[in-house]
Amino acid sequence: MQSKILIFTAIFIANLCYAEEQDTELQNELHFLRLENFLNLELDIASTKAETSLQSPSTVTVIDRQMLEEYNFASISTAVETLAGIQIYRTAFKQQVTTIRGVLQDHYANKVLVMINNIPSWHAITGEGNLDRLSIHDVERIEVLRGPASVIYGSQAYSGAVNIILRKDTKQLHTSIGNKDRNSIGANYRYNSKDKLSIFTAANKEHGQHYQDNFTDEAGINGNIEDYHDSLNATAALEYQDHSLLFNVFRNDEGNYEGSTQKFSAGAGNNHDVDGILLGYTYSHNWNQFFYSKMKLFYDQNERNFSRSADDDIRANVLGQRVGGNISNIFTWDDKLQFELGTDYEIRTSKEYKNIQHSTVLTENNLSDRSVYEYSGYAQIDWKPLAKWRILIGSRLTKSETFGENISSRGTIVYSIDANNTVKFIAGQSFRTPSLFELYFITPTKSVFGTESLEPETADTFEIGYQHSHNYIYIQALAYYSIYQNKIHRIKDDVMLDDGTIANNVSVYTNGQEFSAKGVELELKYLNPKVANIFLNFAYISGDDGDKMSGTEHYNFKYVPDFTTSIGVHKNIQGIDISVIGNYSDTANSHQESVDSYFNLSFNLAYQHKYKSLQLKHILSVQNLTDTQVAIPEYVRRGELNELPLVGTERGIFYSLLVDF
């Protein structure tokens, strides 16, 4: 493997010797356009109609295509975790758990909504979305909304939302090879015709870095296990006039580090397969200058298969699907006043949650053919009483089969001081519907119980934000205060069974007590390629212990670091792109002892040149240059393990080749 790395390094250096002269005049022009292009990006995540970040009534951050190329992020997760207020966690059972503003989740990332081209996707049974169901090479930009988004999107957008937009103009083949068996290959293609027909296709396969770890389980048994993340995905999108169609299919093979119960006897060390299919259709139309409509329909299926025994003879299969759609209508009264009305409908179905030994079904865990419906209506008023002021007020009424009704509202005041400075005052509410798993799951051993009387998780957030852009500098700074109610978690309790007997000291899902947090988030960009492109993202958060479980020292913000920071620098020197990314996380508490702070550093060296009609880009990357141990608290089971290593954070060296046709 090391010889392969040396060979590719030699090829990379050899290519540098044949560097072509850059078109200086064109490059200078692009230098001045860099920040302007960034600010003029129309983002889809905050409104029914696209708006720029400065215009948006929400707190929105974007990673654009140029930034993705400059820093050569290995995946969507690694790109997103550089943003202020966002961390990518893992649990003993699940990888890539997207966490916004420190609101922790149990095994599943079910508090952040994940969308592709504004089509939502998450597992109908357990609620989690999957950021890495797409290759980073297929992404035009990543839009992130931090804070409540339920008025716009309904349930699941509890602490925020991530919208992944597909590439606009691309004809690319990409491949990479690295240490620890890492390799990948993929291609994407976008066809654009003169009659507004656009077709995007992509396919990718990645064999991630594989790590051997020594692990002692909760029963005291020691052994070696393999930790990794392999992926296979394909995507297609068609756009014609007012119509768009999306198709995505993926399969991720995750190293099941400790298993669902952190025991070799329960399958720790065996693989964990996750796959899904997403179909989405969108129709949008301006009927006239006063009336705009958008309609969406989707089918979303996700499946998980994981081990339940040491010999992998028993496996669980979890299959769920979501079917639904929504209609939004915007009525423009005049230049100062707009009304928006919309409605959503969705059916979530648990097709199966079976433990299977060979072809024999051992149990269905009380989740066979369960389904719930949910529908909602919302209304917003967007008023611009004066040239510099904008006021938006909206509410969503949701009716669920399981918990009845919920009303979530939001209000925003935007004051544009001038063309370069904006202040936003935001008050918003959000909610998350209990998942089918949390409502109905029962193990055959009667050790874990869902609770049908669960209430939805809710949150109230108040923000003040400031945005500034001038010359080469962009700043977004905000402070927030959030109150969280009814957060769903497991506790130990006694449960009366149907036959009147008592199951003692078992795990039961319940709603927790109210708790709160306050924080500050800063996003700074200096975009001047003549000097350097620089980003600095900083977050501080302080949460109370209002949700502390009785008789324990366990509460949400015990496990959340106070400070996180990311910094990136990109510079082109005589045709050679050099970029450095640093991620810092403060010390965090855990249930036994604190988890050390860490700072890891990644480095990229890239060179582009033409070969006949092809544009070739060679990239040499080193992730975690100092081989720093990166770990997070084990906050779910709070057993023998105090911390968990994050997947893919050991030192990695790899070479990538991108070919644009």
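Arrange the peptides 206-217, 84-95, 324-335, 187-198 so that the one whose residues have, on average, the most other Cβ atoms within 10 Å appears first.
84-95, 206-217, 324-335, 187-198
Pulled fully out, how much extra length does the chain show between residue 531 and residue 371, if you take 0.36 nm times their separation in residues and subtract their Cα-Cα distance?
51.9 nm
Tell me the label-point distance for the pair residue 466, residue 573, using the 7 Å Cα-to-Cβ offset, in nm and rounded to one decimal.
3.6
Between residue 236 and residue 49, take the C-beta separation as r, use R0 = 30 Å, and let me know the FRET efficiency to the nearest 0.05.
The calculated FRET efficiency here is 0.75.
Give, in nm to one decimal, the length gained when the segment between residue 399 and residue 357 is fully stretched (0.36 nm per residue of separation minus the Cα-Cα distance).
Result for the pair: 11.2 nm of gain on full extension.
Compute the distance in nm between two label points, each set 7 Å from the Cα along the Cα-to-Cβ direction, one at residue 425 and one at residue 507.
4.5
How large is the Kirkwood hydrodynamic radius of the range 358-447, counting all unique pairs of alpha carbons, in Å?
Here the Kirkwood hydrodynamic radius works out to 17.2 Å.
Go ahead and run the numbers for FRET between residue 443 and residue 311, Cβ-Cβ distance against an R0 of 22 Å, rounding to 0.05.
0.65
Using a Förster distance of 56 angstrom, determine the FRET efficiency expected from the C-beta separation of residue 191 and residue 498, and round it to 0.05.
0.40
Please give the Cα centre distance for the range 42-97 versus the range 568-642, rounded to the nearest Å.
Going from one Cα centre to the other spans 16 Å.
Please compute the modelled spin-label separation between residue 596 and residue 473, points set 7 Å along Cα→Cβ, answer in nm with one decimal.
The answer from the label model is 3.7 nm.
Readers should treat all values here as calculations from the given coordinates under stated rules, not as data from a laboratory. As the structure is a prediction and not an experimental result, all values here were calculated from the model. Heads up, the Cβs are rebuilt from the backbone with ideal geometry, glycines too, and the neighbour counts pull from every protein chain shown.
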